[in-house]
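Student: One structure, as structure tokens, below. Some questions next.
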Amino acid sequence: MSSTRRVGTLVALAALPVAVLAVFFVLPVTGMVQRGLFFGGSFDPSVVSRVVGRPEIQRALWFTLWSSGLATVLSIALGLPAAFALHRLAFPLQRVIRAGLLVPFVLPTVVVGVAFRELIGEAGLLASLGLDGTPTAIILGLVFFNASVVIRAVGAAWESLDPRPGEAAAALGASPLRVLLTITLPALRPAIVSAASVVFLFCATAFGIVLTLGGVRYNSIETEIYKLTFTLFDLPGAAVLSVLQLVVVVGLLVVAGRLRSVPDPAQSRVVVRRRRVSPRDLPALLSTSVLVLLVAGPLLALLLGSLRVDDRWSLGNYVALQTPGFDPPLPVPVTTALMTSLAVAVQATLVALVLGLLVAFAVTRRSRTLAERRVRAVLDGLFMVPLGVSAVTLGLGLYLTLGSGVFDFRDEPWLVPLAQALVALPLVVRTLVPVLGSVDDRLRQAAAGLGAGPLRAVMTVDVPAVWKPLLASSGFAFAASLGEFGATSFLVREERPTLPVVILRLLSRPGSDNYGMALAAACVLAAATAVVMLLVERLRVPSIGAL
């Protein structure tokens, strides 16, 4: 293929995703920042120093850094043994446990917060520990939410890691610990550091968990942005914090991109047969059991709470989901909101798949010049940016930007699925890129040499390799959209709320009836995402990660 034709193909593939990202992500986020930092058309740097110099802002920044860092370390410490046990060993119920541990990843963060409150709150099973309203509760919530990221990303690399170097070292007398430290972990380094960077981003943007578990004492950057915007109406302050957040995100993505450029053992697609459990695997199994308890405990407390009405066991909270609630009622019954969520998630998934496929094809085509490689690397990193930018920032930016000027799109029904698609897009891209990147380009050249056109080459070479990951990424996008509420809460129309938005509204209203309905609705949402993740697990391709 000539250089001109390769560049033309790259432009054709990237044009639509770049245009959508520019109009509906870069423009709103930039517009929001401009509203805060530019006065009378000129930049005012004194705003930055004034905002950063506030004691409450410094406390929020410091709390975000240390709590996110500690939660990342704990997520790695608990996730690595579980990744090994669930991807290299064979034992009963392994697939169910793996799917169950992935469920928290797609739960709304506010539901995670409510589940922990049910467990450690005043009436919870572990109330005697006194963790309610403490940083420990927040960090446990962050680990609950993010350990699954480590399992998914590192487990996929570990699953296909060639065992022969470790076996050779063991035959020469190396202990299992020495093999782990000198051979296994260095080989997994790209996957571990990449997962750690994503986990840190998720911890730093876990709005609902900090808001629910931190109360008024502990604020992160996310909750401080929310407070400055809606409580204090300090848009310049919120914009400055958004800029700081973007700087951290871009820096981490650059580091992660460089680490991903190191040859990843997962791409060799070595199929390793899982071995049976032996006594030396006991530490990994015990660590996995601790993680299972950490995940199951809050969810079980949430389920039990949803089944209690007036201190009696009852299905009354679930029956009430067919109603609009109590004092004051919701605009629609909760079951209607569930149907709206399902419909919007389907639309968002379709958009994310179309855009994700185009991006994946664009960044994995073979580059023959340094300039081409750099352009593809920039595209790959560009579509990871929505992963680290707050959904709250995105939703507010869309609301402010698309509601100004000649056109007002804020009430358009397509805006919510589009925003959710942008949130889910990085998951689709990171699921498909490793698959398409591992396809031998010589197969495409052979197909072209036999007379196949570009479309037929794709159908005969790429589609057979990508169809299962494509279905799996559909499940990820659908589950993520189903639970998304940060951006949705700004954009959703009053008469068509989604289920996460309804849960938030029920939680904010007084009365045990509304609270019980919120718990029941959260359980329904968790069950729906669990079913989706089980289906994704059945479609999982060995050695292919999600991030």
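The values are calculated or read from the model by the stated rules, or taken from the named source; none is laboratory data. Predicted model, so just to flag it, every value in this text is computed and none were measured. Don't worry about glycine lacking a Cβ; one is built from the backbone with ideal geometry, like all the others, and counts go over all protein chains shown. These area figures cover heavy atoms from the full protein model, side chains too; ligands, DNA and RNA do not enter into them. Shrake-Rupley method; radii C 1.70, N 1.55, O 1.52, S 1.80 Å.
Student: For the chain, what is the calculated [θ] at 222 nm in deg cm²/dmol (nearest 500), taking -39500 (n - 2.57) for each run of four or more DSSP H residues and dividing by its residue count?
Tutor: Mean residue ellipticity at 222 nm (helix-derived): -23000 deg cm²/dmol.
Student: Right, something else. May I ask you to give the average projected area over all directions of the convex hull of the Cα atoms of segment 309-467, in nm² rounded to one decimal?
Tutor: Dividing the Cα hull surface by four gives the mean projection, 15.5 nm².
Student: When Rg is the radius of gyration of the Cα atoms in segment 425-547 and Rh is its Kirkwood radius, what does Rg/Rh come to?
Tutor: When Rh is taken as the Kirkwood radius, the ratio is 1.19.
Student: How large is the accessible surface of VAL52 in square angstrom, using a 1.4 angstrom probe and rounding to the nearest 10?
Tutor: Near enough 50 Å² of accessible area.
Student: Next question. Peptides 159-166, 91-98: what's the order by average Cβ count within 10 Å, highest mean first?
Tutor: 159-166, 91-98
Student: Moving on to the next point. Name the long-range amide H neighbours of VAL309: under 5 Å, sequence gap of 5 or more, or other chain; modelled H, no Pro or chain starts.
Tutor: Here the answer is SER314, since their amide H atoms fall under 5 Å of that of VAL309.
Student: Using the per-residue mean of other Cβ atoms lying within 10 Å as a proxy for protection, in what order, highest first, do the peptides 288-295, 4-11 fall?
Tutor: Sorting 288-295, 4-11 by mean packing, highest first, produces 288-295, 4-11.
Student: Another one. Per q in 0.06, 0.08 1/Å, what log10 I(q)/I(0) does a Debye calculation on the alpha-carbon atoms of the chain return?
Tutor: -0.30, -0.54
Student: Of ILE76, ILE503, which has the most accessible area and how do the rest follow, probe 1.4 Å?
Tutor: Correct descending sequence by accessible area is ILE76, ILE503.
Student: For segment 296-311, just list the computed ³J(HN,Hα) in residue order, Karplus coefficients 6.51, -1.76 and 1.60, θ = phi - 60°, integers in Hz, with x standing in for Gly and Pro.
Tutor: Going residue by residue, I get 6, x, x, 5, 5, 4, 5, 5, 5, x, 6, 9, 10, 10, 6, 6 Hz, with x marking Gly and Pro.
Student: Related question: At a 1.4 Å probe, what is the % contribution of carbon and sulfur to the accessible area of segment 412-491?
Tutor: Roughly 68 percent of what the probe reaches on segment 412-491 is carbon or sulfur.
Student: Give the peptides 278-285, 120-127 in descending order of average Cβ contacts within 10 Å, highest first.
Tutor: Put in order of decreasing packing, that is 120-127, 278-285.
Student: Accessible area, 1.4 Å probe, largest first: how do TYR226, TYR318 sort?
Tutor: Ranked from most to least accessible, the order is TYR226, TYR318.
Student: Could you go through segment 127-144 in sequence order and give the Karplus-derived ³J(HN,Hα) for each residue, using 6.51 cos²θ - 1.76 cosθ + 1.60 with θ = phi - 60°, rounded to whole Hz, and x for Gly and Pro?
Tutor: 4, 5, 6, x, 8, 4, x, 10, x, 4, 5, 5, 5, 4, x, 5, 5, 3
Student: Skipping prolines and chain starts, which residues have an amide H placed within reach, meaning under 5 Å, of the one on ASP44, given they are 5 or more residues away or on another chain?
Tutor: For ASP44, the qualifying residues are PHE39.
Student: Per the Kirkwood definition applied to all pairs of different Cα atoms, how many angstroms is the hydrodynamic radius of segment 110-198?
Tutor: This gives a value of 15.8 Å.
Student: From the phi angles alone, apply the Karplus equation (6.51, -1.76, 1.60; θ = phi - 60°) to segment 371-385 and give each ³J(HN,Hα) in whole Hz, x where the residue is Gly or Pro.
Tutor: For segment 371-385, the Karplus-derived couplings read 5, 4, 4, 5, 4, 5, 5, 5, 4, 4, x, 4, 7, 8, 4 Hz, x marking Gly and Pro.
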